[in-house]
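Worksheet: one structure, shown below.
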Amino acid sequence: DAGVIQSPRHEVTEMGQEVTLRCKPISGHDYLFWYRQTMMRGLELLIYFNNNVPIDDSGMPEDRFSAKMPNASFSTLKIQPSEPRDSAVYFCASSLISTSSKDTQYFGPGTRLTVL
Amino acid sequence: DQQVKQNSPSLSVQEGRISILNCDYTNSMFDYFLWYKKYPAEGPTFLISISSIKDKNEDGRFTVFLNKSAKHLSLHIVPSQPGDSAVYFCAASALSGAQKLVFGQGTRLTINP
């Protein structure tokens, strides 16, 4: 399996611009997560989906952030308008829940976002 | 409010010695704990986990200890190898939010030859 795929790997944009981050989860996985990594706060969960339905978006920092999962193989995280404080590494992860235990999450390589 | 805290941003250990990474949590509802390892320019990868019904879980050179009364867990790596140099994240989840993981800030481990 190719693993979780994220694009782009790097994004540099100017304040006020719209940014769209993309994620393709591992085939067959039924959970998808978006995280943000910063030095101060480590890895923060922004939102997660189960079977394409958003379950918990309490980590989304502001209305400027939105996420969609139109189908089982694709998700987007959009920031509009972007601000310098949004600069971080954004990770997508997916997992498949078994009935016997809590399975682990598999992370993509991340998108490093820089907002100037 | 950081529910999961890794108070040491960095740790340096000599090759062959034991590395001990620490993690504290505040939410008593957490019942499952994980450690993830992250290399530069890569996503975190799962390393080892422990359920709250246990106080120790071992996998090769890696052992995780859980002290529920102190709300503290630690990861022991012995012997430490240069390839262990990475950032280690502690994570926790509660039964009620089965898939929702709360991560710490991470500890950068450097193994010196």
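Listed here are the residues, each with its yes/no results for (1) without any contact (Cβ under 8 Å) to a residue 12 or more places away in the chain; (2) more than 20 Å from B:Val102 (Cα to Cα).
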position: A:Val12; (1), (2): no, yes
position: A:Gly16; (1), (2): no, yes
position: A:Arg36; (1), (2): no, no
position: A:Glu44; (1), (2): no, no
position: A:Phe49; (1), (2): no, no
position: A:Gly59; (1), (2): no, no
position: A:Phe74; (1), (2): no, yes
position: A:Ser82; (1), (2): no, yes
position: A:Thr104; (1), (2): yes, no
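Does at least one position in region B:37-44 carry a residue that is part of a strand (DSSP E or B), within 12 Å of chain A (Cβ to nearest Cβ) and surrounded by 15 or more Cβ atoms within 10 Å (Cβ to Cβ)?
Of all residues in region B:37-44, those part of a strand (DSSP E or B) come to B:37-38.
Filter once more, keeping what is within 12 Å of chain A (Cβ to nearest Cβ): B:37-38.
Imposing the further condition that a residue be surrounded by 15 or more Cβ atoms within 10 Å (Cβ to Cβ) reduces the set to B:37-38.
Yes - at least one qualifying residue is present in region B:37-44.
Okay, residues lined up against (1) more than 14 Å from chain B (Cβ to nearest Cβ); (2) open to solvent by less than 30 Å² (accessible area, probe 1.4 Å):
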| site | (1), (2) |
| --- | --- |
| A:Glu11 | yes, no |
| A:Gln37 | no, no |
| A:Arg41 | no, no |
| A:Phe49 | no, yes |
| A:Leu77 | yes, yes |
| A:Cys92 | no, yes |
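So B:Leu34 fits all but one of (1) facing another protein chain (nearest Cβ under 10 Å); (2) open to solvent by 10 Å² or more (accessible area, probe 1.4 Å); (3) part of a strand (DSSP E or B); what number is the exception?
Tallying (1) facing another protein chain (nearest Cβ under 10 Å); (2) open to solvent by 10 Å² or more (accessible area, probe 1.4 Å); (3) part of a strand (DSSP E or B), B:Leu34 fails exactly one: (2).
Against the definition (farther than 22 Å from A:Met39 by Cβ, open to solvent by less than 70 Å² (accessible area, probe 1.4 Å), assigned to a strand (DSSP E or B) and of a type in the set (Val, Ile, Thr)), how does B:Val64 come out, yes or no?
Yes, satisfied.
Working carefully through the options B:Asp84, B:Asp24, find the one that is within 21 Å of B:Leu109 (Cα to Cα), crowded, with 17+ Cβ neighbours inside 10 Å, under 12 Å from the mean Cα position of the chain (by Cα) and charged (D, E, K, R). I'd like the intermediate steps shown before the answer.
Working: B:Asp84 fails: under 12 Å from the mean Cα position of the chain (by Cα).
Just a single option satisfies the conditions, and that option is B:Asp24.
Can you tell me which condition A:Arg112 does not meet? The list is (1) farther than 22 Å from A:Ala2 by Cβ; (2) open to solvent by 60 Å² or more (accessible area, probe 1.4 Å); (3) within 12 Å of chain B (Cβ to nearest Cβ), and all the others hold.
With respect to (1) farther than 22 Å from A:Ala2 by Cβ; (2) open to solvent by 60 Å² or more (accessible area, probe 1.4 Å); (3) within 12 Å of chain B (Cβ to nearest Cβ), A:Arg112 is out only on (1).
The values are calculated or read from the model by the stated rules, or taken from the named source; none is laboratory data. Not measured: the values here are computed from a predicted model. Counting neighbours? That spans all protein chains shown, and the Cβs are built from the backbone with ideal geometry, glycine included. These accessible areas exclude ligands, DNA and RNA; they are computed on the full protein's heavy atoms, side chains included. Shrake-Rupley method; radii C 1.70, N 1.55, O 1.52, S 1.80 Å.
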